Amino acid sequence: MTKLFKLSGALTAALMIASGAQALELRLSVETPPGHVRNQAAEHWAAAIAELSGGDITVEVFPAGQLYNSADAIRALASGALDLSIQASPTLSRLEPNLSVITLPMFFGATRDDIRAVLDGPLGAELWGMVAQRGIVVPEGGHFEFAPNNTAYTTEPAASYEDLAGRTVATPPSPVVVQIMSAMGINGVATPRTEIVLQLTQGQIQGLGSVTDLTISGGRLWEAGIRYAFNDNAGWGVYIPLVSARTLDAMTEEQRGVINQAWAQVVGWARDASAEELEHARATNEENGITYADPSDEMIAAMRTQMMDLQPAIVDASGMNADFVGRVAAALHSQ
């Protein structure tokens with residue numbers, strides 16, 4: 001693999017000498033297939049860890065759910081059975097509900113800069129602290145965005161929210177996403193990514209809900225029957241690098257520093273790569289036969305207003321912290 005991260009000889013030597021700690025072999029699990037931007041970020045993180053540690057820490061990346069699907073990976077991180085992962089915020093929200101804040105209706109139509117303004121500041125640090133209380137640590141540098149969510153990608157056409165009513169779609173395994181789908185009149189079923197292709201081809205679902213252009217292009221889901229996209233920018237999702245607190249507790253201070261510094265080096269690449277990939281994702285999907293419906297601003301605004309009326313009930317039912325959500329809303333509105 002090409003070395004993307006260069007260190008000074010002095011720093012590398014210092015880390016290799018540090019305390020004579022035993023070499024570590026860590027495991028990193030992701031559910032997405034090789035070549036996906038999440039997998040590339042994982043591989044870069046592993047390479048940076050090896051580089052920074054002078055080879056004393058190695059990371060084996062297991063793609064495509066070889067070790068765990070996403071839900072099981074999160075449980076394994078919390079228990080210490082898995083060392084590292086990169087997970088999508090909707091899936092991780094089953095462990096920490098407040099991670100669903102950027103999926104709430106107030107983020108319909110939000111931009112990438114809006115997300116960074118919230119998550120790169122004190123509110124983001126507070127959110128990562130909530131995750132840490134669950135036994136999983138977010139390293140220095142934090143998240144990278146993958147894309148704005150669209151309400152639906154389907155096997156049959158839909159040009160309006162009314163057209164989507166009553167359809168059964170797979171969603172990320174997030175209670176908040178399922179509630180939002182239900183409030184729109186859509187039957188959202190929380191589904192592990194590894195089961196989506198089978199359910200599509202068997203006709204158990206009619207599409208995917210609250211996912212992104214990258215979900216479709218990265219998984220080549222046109223091959224499983226996705227033919228239409230309803231393009232409405234309904235909230236956001238981010239990828240979050242994760243380290244088991246138990247893994248970190250077993251490390252020396254120098255080793256913990258390597259894990260953090262390695263991600264801090266990688267996160268800028270991950271953000272740029274994801275944004276660049278998103279620029280081409282719609283064109284890739286269209287080249288492979290997916291037709292996009294672009295609802296009017298008025299149609300989207302009407303749905304956002306309807307959903308904002310329901311947001312407090314969604315927050316309450318999901319176990320989110322209403323005070324935290326309120327402070328995020330204030331920060332968002334100040335942009």
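Quick check on my filter: what residues within segment 42-51 are surrounded by fewer than 24 Cβ atoms within 10 Å (Cβ to Cβ) and of a type in the set (A, V, I, L, M, F, W, C)?
The answer is A46, A47, A50.
Restricting the search to helices (runs of 4 or more DSSP H) fully inside segment 1-105 and requiring at least 2 residues that are at pLDDT 90 or above and within 18 Å of S174 (Cβ to Cβ) gives 70-79, 89-92.
Number of residues in segment 89-106 that are over 16 Å from the mean Cα position of the chain (by Cα) and open to solvent by 20 Å² or more (accessible area, probe 1.4 Å) equals 0. Within the set G109, G121, the sole residue that is of a type in the set (G, A, S), surrounded by fewer than 23 Cβ atoms within 10 Å (Cβ to Cβ) and modelled with pLDDT under 95 turns out to be G109. Here M184 clears all of (1) within 24 Å of Y239 (Cβ to Cβ); (2) touching a residue at least 40 places away in the same chain (Cβ under 8 Å) except the condition numbered (1). Being part of a loop (DSSP other than H, G, I, E, B) and over 15 Å from V138 (Cβ atoms) is the filter here; which residues of segment 106-125 pass it? Correct list: G109, A110, T111.
Let's see how each residue does on (1) open to solvent by 20 Å² or more (accessible area, probe 1.4 Å); (2) among the acidic types (D, E); (3) within 22 Å of R112 (Cβ to Cβ):
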site: T247; (1), (2), (3): no, no, no
site: E286; (1), (2), (3): yes, yes, yes
site: E298; (1), (2), (3): yes, yes, no
site: A302; (1), (2), (3): yes, no, no
site: I314; (1), (2), (3): no, no, no
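Screening segment 266-283 for residues that are open to solvent by less than 60 Å² (accessible area, probe 1.4 Å) and in contact with an Asp or Glu (Cβ under 8 Å, 6 or more places away or on another chain) and picking the one that is farthest from M181 (Cα to Cα) gives R271. Scanning segment 312-323 for residues that are in a loop (DSSP other than H, G, I, E, B) and either among the polar types (S, T, N, Q) or in contact with a Leu (Cβ under 7 Å, 6 or more places away or on another chain) (or both) turns up just one, N321.
Selection within segment 129-162: residues that are over 24 Å from E277 (Cα atoms) and outside any loop (DSSP other than H, G, I, E, B). The member of this set that is most open to solvent (accessible area, probe 1.4 Å) is E162.
Give me the helices (runs of 4 or more DSSP H) completely within segment 213-311, filtered to those with at least 3 residues that are within 22 Å of V101 (Cα to Cα) and in contact with a Phe, Trp or Tyr (Cβ under 7 Å, 6 or more places away or on another chain), ordered by residue number. Steps first, please.
Values: elements: 213-219, 245-249, 253-287.
Per the criteria, 253-287.
The values are calculated or read from the model by the stated rules, or taken from the named source; none is laboratory data. All values derive from a computational prediction rather than experimental measurement. All Cβ positions, glycine included, derive from the backbone under ideal geometry; neighbour counts span all protein chains shown. For the accessible areas, the whole protein counts, side chains as well, though only heavy atoms, and no ligand, DNA or RNA atoms are used. Shrake-Rupley method; radii C 1.70, N 1.55, O 1.52, S 1.80 Å.
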